[in-house]
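These notes concern the structure reproduced below.
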Amino acid sequence: MERAARFVVKRRGFVLAVAIVLLIVSVFGYLGTRINYDILSYLPSDLESMEGEQLLEHDFNIASTAIITVEGMNSSDVSDMEKEFRNIEGVNTVVGIYDALDATIPKEILPDGAQDMLYGKNDSTMLIVRFDESSASDATMEAIAQIKQELRKDCFLGGMSAILEDTRELVNQELPKYVLCAVAFSLIVLFLFLENTAVPLIFMLGILFPVVYNFGSNIFMGEISYITQALAAVLQLGVTMDFSIFLLHRYQEEKVDKPNDEAMVCAICKTSTSILSSSLTTIAGFLAMCTMSLTLGADIGIVMAKGVALGVLSTLTILPALIMYFDKIIEKSRHRVLIPHMGGVAKAVTSHPKSILAVFVVIALIFFRAQGLTNVYYTLTDSLPQDLTGIAGTNRLGDDFGMPSYHFVIVSDELDSNKMKSLADELENVDGIKASLCYEKFVGAGIPQSAIPESVSELFHAGDHRMMMITTEYKPGTDEMNAQVEEMTQIIKRYDADGLLTGEGSMTRDLITTSARDFQMTSVASILAVFIIILITFRSISIPALLVLAIEGAIMVNLGIPYFTGSTIAFISSIVLGTIQLGATVDYAILMTTRFREERNNGLMPKEAAAVCIETCAPSIITSGLSFFAATVGLFFVSRIDLIRGLCLLISRGAIISMLVILFVLPAMLILFTPLIEKTTYHWIDHSKERV
């Protein structure tokens, strides 16, 4: 390591030149990385709902569909608007009432299901717009953006495709605000707690490199989710900031009796071990998300683990070069810092360790119970502003046609017309079902076959399958919808063992089931990974158990708070929060425990050692914890996407809770469990130095 450190210090100009070249290359990589806005697309591909979506997309070409509610518009104006939509690149077909039926056919002779589907309140009809590519594709997004511009008065665009385009537009508008807030809030904390005014600016410049590298290298993944895009830079800033703080503090310490170049070489060598060991727990926490069957976890986990690794590499190469270049400016910019005196905290903890631990256990158990009672939502629309075009259009679709959502049933074409009618009738009797529409019911007895255009026939039959569309009064993600999906699936399987039910309702139900399993998997995987790393680091069984228990208690408190505040959190929050809070803040616990061990080996008794490590470690822990808090809390105030707001609130609050637990509870645990630690740790302490 010393050889590499000397190269960085002596060839710092070359190091920065290479870093800037890689920065430019990474910008092109970032621009070439596709963003996926469809959370449901991350469901496992072997689920029946996902298999059904594939058939809808590839065979029926209707998985990518938008629905336009048209109120009070005459047929000629509707026809003109349809022509404009058909000329938009990416639009496959536009089907409306005047396309589906001859204008001479009276509304009254249509079957009830067809009437409900085609005519609504407020003198409304609907247009079904089918696209060439999937809902989340760039081509479909651009087509929807153009449709928005062509919409006439009293026309409302709805459906999942429209909502996904709204999400893209909103995220693109807010992303710069996320970064600016994270940087501004972090700078405030650093200015208050670091004694050099120029240092926070140099830190931000240093972190710019690994952040851009991380986003640029995502091109090798092909695409990332919009959640990852929104959070990655902010989390990377918050999680890796303490690496920069560790390096600077060590450099300033070494400068007291060494020349600058030699001091930086020593700082890199001595800091690298602690940074690498600390980063391993964070990386392990993020990689634990790869165990999720919902591949969104792997998307976030890989990007963040990669970001932490790049942050470590940049801290040991680019940041030293920057500090050396700006060293004179740093030295001239000293000011008083806001560092609280922790003597009172140290005295309180060492005087009442049993009481502190008992209170913590009681609080953790109460909040653990509350965590299981917290309300969770699973639908994308619940996390978005309700005034967005796609949300408003979908709501209008529910108002006029009584169909806030709809299902698609796909069965074999071997089912004859009588069985299809029987299946449709039986499905209509399920609670909450408004109407069913299949080719057999659409045609009915009073409409001549010649009056049905081929484009309509193709909606219901493709390849070796028949399709049926069913409208429901229930919203996806509700208990009523989940029960409805279960009952409908049982009915479909009686007619066709290979029949499939898909649509937002069934996919959301699968999301609920999958995420519940994923929560358990990621929790176990992250705890096990962090436990093993700490076990190897300290060569102890008890130390990793104590440290993980302390952080897990903080996580329980964090996840239990929404129950008491009456808040509803997104399904992904509980899965992601546990791994992020554990991986990112267990470093504080390792720092505290390492210093406790050092003081014990210096001859101090457990209470004395705990008091010293609280007073000496508190500035670093508080600065790092508040930096993490500052980097994420700003998004809660600026984002209009509740999923992003809620997750960032949990992460920022988790940083503070973990910080407090490490400062108050962990020292109490180290004092009380000292006998156990000594018996279960290899060479924990040299008793020859212990003071009697």
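Of the residues that make up the range 574-596, is at least one β-branched (Val, Ile, Thr), outside any helix (DSSP H, G or I) and at pLDDT 85 or above? I'd like the intermediate steps shown before the answer.
At the first step, the residues of the range 574-596 found to be β-branched (Val, Ile, Thr) are 575-576, 579-580, 585-586, 590, 593-594.
Remaining after also requiring outside any helix (DSSP H, G or I): none.
There is no residue in the range 574-596 that is β-branched (Val, Ile, Thr), outside any helix (DSSP H, G or I) and at pLDDT 85 or above.
Which one of these is over 17 Å from the mean Cα position of the chain (by Cα) and more than 21 Å from Thr282 (Cβ to Cβ): Met605, Met592, Met556?
Working: Met592 fails: more than 21 Å from Thr282 (Cβ to Cβ); Met556 fails: more than 21 Å from Thr282 (Cβ to Cβ).
Of Met605, Met592, Met556, the one residue that is over 17 Å from the mean Cα position of the chain (by Cα) and more than 21 Å from Thr282 (Cβ to Cβ) is Met605.
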**Message:** Here's a check for you: in the range 209-245, which residue that is crowded, with 22+ Cβ neighbours inside 10 Å and of a type in the set (Phe, Trp, Tyr) is farthest from Arg168 (Cα to Cα)?
**Reply:** Phe243
**Message:** Looking at the structure I just gave you, is Ile470 open to solvent by less than 20 Å² (accessible area, probe 1.4 Å), under 23 Å from Phe60 (Cβ atoms) and either under 36 Å from the mean Cα position of the chain (by Cα) or at pLDDT 85 or above (or both)?
**Reply:** yes
**Complete:** Exactly one of Val9, Val18, Val27 is free of Cβ contacts under 8 Å to residues at least 60 places away in the same chain and in a helix (DSSP H, G or I), and that residue is Val18
**Where Thr478 falls short, out of the listed (1) open to solvent by 10 Å² or more (accessible area, probe 1.4 Å); (2) in contact with a helix residue (DSSP H, G or I) (Cβ under 6 Å, 6 or more places away or on another chain); (3) without any contact (Cβ under 8 Å) to a residue 40 or more places away in the chain** = (2)
**Message:** Conditions first: (1) within 21 Å of Phe203 (Cβ to Cβ); (2) buried (at least 23 other Cβ atoms within 10 Å of the Cβ); (3) not basic (Lys, Arg). Gly285 passes all but one, so which condition is the exception?
**Reply:** (1)
**Fill in**
Phe85: passes all of (1) on the phi > 0 side of the Ramachandran plot; (2) buried (at least 20 other Cβ atoms within 10 Å of the Cβ) but (1)
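Residues are listed down the side, and each one gets a yes or a no for (1) in contact (Cβ under 8 Å) with a residue 40 or more places away in the chain; (2) over 30 Å from the mean Cα position of the chain (by Cα); (3) part of a helix (DSSP H, G or I):
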position: Ala346; (1), (2), (3): yes, yes, yes
position: Ile356; (1), (2), (3): yes, yes, yes
position: Arg369; (1), (2), (3): yes, no, yes
position: Asp387; (1), (2), (3): no, no, no
**Scope the range 129-150; condition in contact with a strand residue (DSSP E or B) (Cβ under 6 Å, 6 or more places away or on another chain) and open to solvent by 40 Å² or more (accessible area, probe 1.4 Å); matching residues** = Asp132
**Prompt:** Could you count how many residues in the range 488-537 are in contact with a strand residue (DSSP E or B) (Cβ under 7 Å, 6 or more places away or on another chain) and among the basic types (Lys, Arg)?
**Reply:** 0
**Request:** Evaluate the following for Ile532: is it aliphatic (A, V, I, L, M) and under 23 Å from the mean Cα position of the chain (by Cα)?
**Result:** no
**Fill in**
Scanning the range 493-504 for residues that are in contact with a helix residue (DSSP H, G or I) (Cβ under 7 Å, 6 or more places away or on another chain) and open to solvent by less than 10 Å² (accessible area, probe 1.4 Å), the one nearest to Met420 (Cα to Cα) turns out to be Gly499
**Asked** Residues Leu294, Leu276, Leu280, Leu319: which one is within 21 Å of Tyr226 (Cα to Cα) and not basic (Lys, Arg)?
**Response** Leu294
**Request:** Return a yes/no flag: does the range 623-630 have any residue that is surrounded by 20 or more Cβ atoms within 10 Å (Cβ to Cβ), more than 20 Å from Met556 (Cα to Cα) and more than 37 Å from the chain's Cα centre (by Cα).
**Result:** no
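Name the one entry in Ser293, Ser314 that is under 30 Å from Ala516 (Cα atoms), in contact (Cβ under 8 Å) with a residue 12 or more places away in the chain and either of a type outside the set (Phe, Trp, Tyr) or outside any loop (DSSP other than H, G, I, E, B) (or both).
Of the residues listed, the single one that is under 30 Å from Ala516 (Cα atoms), in contact (Cβ under 8 Å) with a residue 12 or more places away in the chain and either of a type outside the set (Phe, Trp, Tyr) or outside any loop (DSSP other than H, G, I, E, B) (or both) is Ser293.
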**Matching residues in the range 653-678 - criterion: being open to solvent by 30 Å² or more (accessible area, probe 1.4 Å) and either out of contact with any Ser or Thr (no Cβ under 8 Å at 6 or more places or on another chain) or under 25 Å from Gly578 (Cβ atoms) (or both)** = Arg653, Ile656, Leu660, Phe664, Leu672, Phe673, Pro675, Glu678
**Asked** Got at least one residue in the range 433-451 being over 27 Å from Ile39 (Cα atoms), more than 36 Å from the chain's Cα centre (by Cα) and modelled with pLDDT of 80 or more?
**Response** no
**Asked** Quick check: anything in the range 254-264 more than 33 Å from the chain's Cα centre (by Cα), modelled with pLDDT under 90 and crowded, with 22+ Cβ neighbours inside 10 Å?
**Response** yes
**Fill in**
Going through the range 557-568 in order, the residues found to be buried (at least 22 other Cβ atoms within 10 Å of the Cβ) and of a type in the set (A, V, I, L, M) are Val557, Leu559
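Confirm whether Glu608 is surrounded by fewer than 19 Cβ atoms within 10 Å (Cβ to Cβ) and within 29 Å of Leu187 (Cβ to Cβ). Write out each step before concluding.
Working: surrounded by fewer than 19 Cβ atoms within 10 Å (Cβ to Cβ): yes; within 29 Å of Leu187 (Cβ to Cβ): no.
No, not satisfied.
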**Request:** Answer with yes or no whether Met488 is among the hydrophobic types (A, V, I, L, M, F, W, C), assigned to a helix (DSSP H, G or I) and open to solvent by 10 Å² or more (accessible area, probe 1.4 Å).
**Result:** no
**Message:** What are the pairs with Cβ atoms under 6 angstrom where one residue, in the range 570-581, is among the aromatic types (Phe, Trp, Tyr) and the other, located anywhere, is open to solvent by 10 Å² or more (accessible area, probe 1.4 Å)? Sequence gap at least six, or different chains.
**Reply:** Phe571/Val376; Phe571/Tyr378
**Request:** Scan Phe564, Phe531 and give me the residue that is part of a helix (DSSP H, G or I), under 27 Å from Ser383 (Cα atoms) and of a type in the set (Phe, Trp, Tyr).
**Result:** Phe564
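Quick one: how many residues across the range 47-73 are modelled with pLDDT of 80 or more and either polar (S, T, N, Q) or open to solvent by 50 Å² or more (accessible area, probe 1.4 Å) (or both)? So that I can check it myself, show each step before the final result.
Of the range 47-73, the ones modelled with pLDDT of 80 or more are 47-56, 65-73.
Then drop every residue that is not either polar (S, T, N, Q) or open to solvent by 50 Å² or more (accessible area, probe 1.4 Å) (or both), which leaves 48-49, 51, 54, 65, 69, 72.
So the count comes out to 7.
Determine, yes or no, whether Ile245 is modelled with pLDDT of 85 or more and of a type in the set (A, V, I, L, M, F, W, C).
Working: modelled with pLDDT of 85 or more: no; of a type in the set (A, V, I, L, M, F, W, C): yes.
When the stated conditions are applied, Ile245 does not pass them.
The values are calculated or read from the model by the stated rules, or taken from the named source; none is laboratory data. What you see is a predicted model, and the numbers here were worked out from it, not measured in a lab. Note: ideal-geometry Cβ built from the backbone for every residue, glycine included; neighbour counts use all protein chains shown. For accessibility, only protein heavy atoms count, side chains too; no ligands or nucleic acids. Shrake-Rupley method; radii C 1.70, N 1.55, O 1.52, S 1.80 Å.
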